[in-house]
Amino acid sequence: MRSCRVVTYGVSSRRRDGGRRSIPCRCAKYDAYPRSLGLGLLAFVAVRSEEASSDQSIARALADCQEVLEVHHVAGDDCYLIKVRARDAEHLGHLLRTRFGRIPGVRSTRTTIVLETVKETSRLPVPLPVREGIAS
């Protein structure tokens, strides 16, 4: 968990600092516009590991990287699919060579760079309960 500071604006009481005050808080999740943080490049990286690697050490090592937003253990030719934010292509290349490529058991990576995000959400559709005798 990271420590962050939230700036609030006072409505009822004006202070010499223009009504602004900084409140320390502990944030479990902080959503921000990635470009404003200098992380404008989004990529998905498929990670292939050695056949014998069945423990979670690779997943933990990938998840420990602060630029990695998501780690998914997947079926198919690859073993993991990770979502990564980077400053630019050079930063992404550095991550691939010096972070992901040096994790013991990682055999190869395949990277897809996102050109445009059309839809991105974490909202799930909530099905309505079905009542007996009522047709939808």
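Data overview
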{"read-out": "Inter-probe distance in nm under a simple model that places probes 7 Å from Cα toward Cβ, at residue 63 and residue 130", "value": "3.6 nm"}
{"read-out": "Shape category assigned to segment 32-136 from the gyration tensor of Cα positions, a/c cut at 1.5", "value": "oblate"}
{"read-out": "Protection-proxy order for peptides 62-68, 123-129, each taking the mean of Cβ atoms within 10 Å per residue, highest first", "value": "62-68, 123-129"}
{"read-out": "Segment 85-136: GluC sites (Glu not before Pro) in DSSP loop, at most 12 other beta carbons within 10 Å", "value": "116, 120, 132"}
{"read-out": "Gyration tensor (alpha-carbon) shape descriptor, segment 82-124, a/c threshold 1.5", "value": "prolate"}
{"read-out": "Residues 85, 107, sorted so that the one with the fewest Cβ neighbours within 10 Å comes first", "value": "107, 85"}
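Readers should treat all values here as calculations from the given coordinates under stated rules, not as data from a laboratory. What you see is a predicted model, and the numbers here were worked out from it, not measured in a lab. Virtual Cβ from ideal backbone geometry, glycine too; neighbours counted across all protein chains shown.
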